[in-house]
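Structure record follows, encoded as C-alpha cells.
The values are calculated or read from the model by the stated rules, or taken from the named source; none is laboratory data. Please read these numbers as outputs of a predicted model, since none were measured by experiment. Here the Cβ positions follow ideal geometry from the backbone for every residue, glycine too, while neighbour counts run over all protein chains shown.
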Amino acid sequence: MSKVYVLTDRPVREFMSTGVVTVGVDDPIEDLIWKFQRYRYAGFPVVDEKGELVGMVRDSDILKLFVMTRPDAVLAETARDVMRVPPHTISPEASAQEAVERMFDANVRLLVVTEKKKILGIISREDLVCGIFAKRKVEPWPGG
C-alpha cells in the first residue's frame, strides 16, 4: 500500500508539471482550439510578446464563446479577447495546502507557478490528488 502524505508542509514545486505549453495574446481562437484538442489541458497560460504571463484561457472560456457568439464571429477572436485577467498564480515555495485553498477560493482547476514573472510550471487539482500518495503515477485500483 502507498504511504499517505499530508499536503500542508510540502511545497508546490514537488507537485507541479513543467514544460508548460503557452499561448500568445494574439493567437487566434482556431489555434487555441487546436491546442485544447492536441494537449487535452483544461487551460493555458497566455503570454505577451516578451513571454511574460498576462492571462489564462480555459476550455470553458472557449465553450462559452461558442454558445454566446455566432460561430463565424468566434474565429475572428484571439486569446486576448477571451483570457481571464489576472491569471491565478502561486510561488513554487508555497505549500500544497495553500495551492488547494487558492484553487477552491478562486474556483479554478489549476494555478500557474511563477517566480519573478517567469513561468516555472503548472499545478492542477489532479497533480495534488496524485501527490497525496507517495507514488506519483496512478495505478489500477487494487479492488478491481
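Yes or no: E77 out of contact with any helix residue (DSSP H, G or I) (no Cβ under 9 Å at 6 or more places or on another chain) and at pLDDT below 95? Answer is no for this residue. Restricting attention to region 12-34, the residues that are crowded, with 17+ Cβ neighbours inside 10 Å and farther than 14 Å from R80 by Cα total 5.
Of all residues in region 48-60 being of a type outside the set (K, R) and under 21 Å from M103 (Cα atoms), which is surrounded by the most Cβ atoms within 10 Å (Cβ to Cβ)? Taking the candidates together, the pick is V57.
Among residues belonging to region 74-100 that are out of contact with any strand residue (DSSP E or B) (no Cβ under 9 Å at 6 or more places or on another chain) and either closer than 17 Å to E126 by Cβ or basic (K, R) (or both), point out the one that is surrounded by the most Cβ atoms within 10 Å (Cβ to Cβ). Restricting to residues being out of contact with any strand residue (DSSP E or B) (no Cβ under 9 Å at 6 or more places or on another chain) and either closer than 17 Å to E126 by Cβ or basic (K, R) (or both), the top hit is V100. Taking L63 as the residue in question, decide whether it is at pLDDT below 90, among the hydrophobic types (A, V, I, L, M, F, W, C) and surrounded by 13 or more Cβ atoms within 10 Å (Cβ to Cβ). The answer is no for L63. Among the residues in region 66-82, are any within 21 Å of E115 (Cβ to Cβ) and either part of a strand (DSSP E or B) or out of contact with any Cys (no Cβ under 7 Å at 6 or more places or on another chain) (or both)? For region 66-82, residues within 21 Å of E115 (Cβ to Cβ) and either part of a strand (DSSP E or B) or out of contact with any Cys (no Cβ under 7 Å at 6 or more places or on another chain) (or both): absent.
Every condition in (1) in contact with a helix residue (DSSP H, G or I) (Cβ under 8 Å, 6 or more places away or on another chain); (2) surrounded by 17 or more Cβ atoms within 10 Å (Cβ to Cβ); (3) outside any helix (DSSP H, G or I) is met by V112 except one, and the failing one is (1). May I ask you to say which residue of V100, V112, V67, V74 is free of Cβ contacts under 8 Å to residues at least 12 places away in the same chain, aliphatic (A, V, I, L, M) and on the phi < 0 side of the Ramachandran plot? None of the others qualify; the one that does is V67. When restricted to residues that are outside any loop (DSSP other than H, G, I, E, B) and in contact with a helix residue (DSSP H, G or I) (Cβ under 8 Å, 6 or more places away or on another chain), region 36-54 contains 4.
Would you check if S95 is in contact (Cβ under 8 Å) with a residue 24 or more places away in the chain and hydroxyl-bearing (S, T, Y)? So S95 passes the test.
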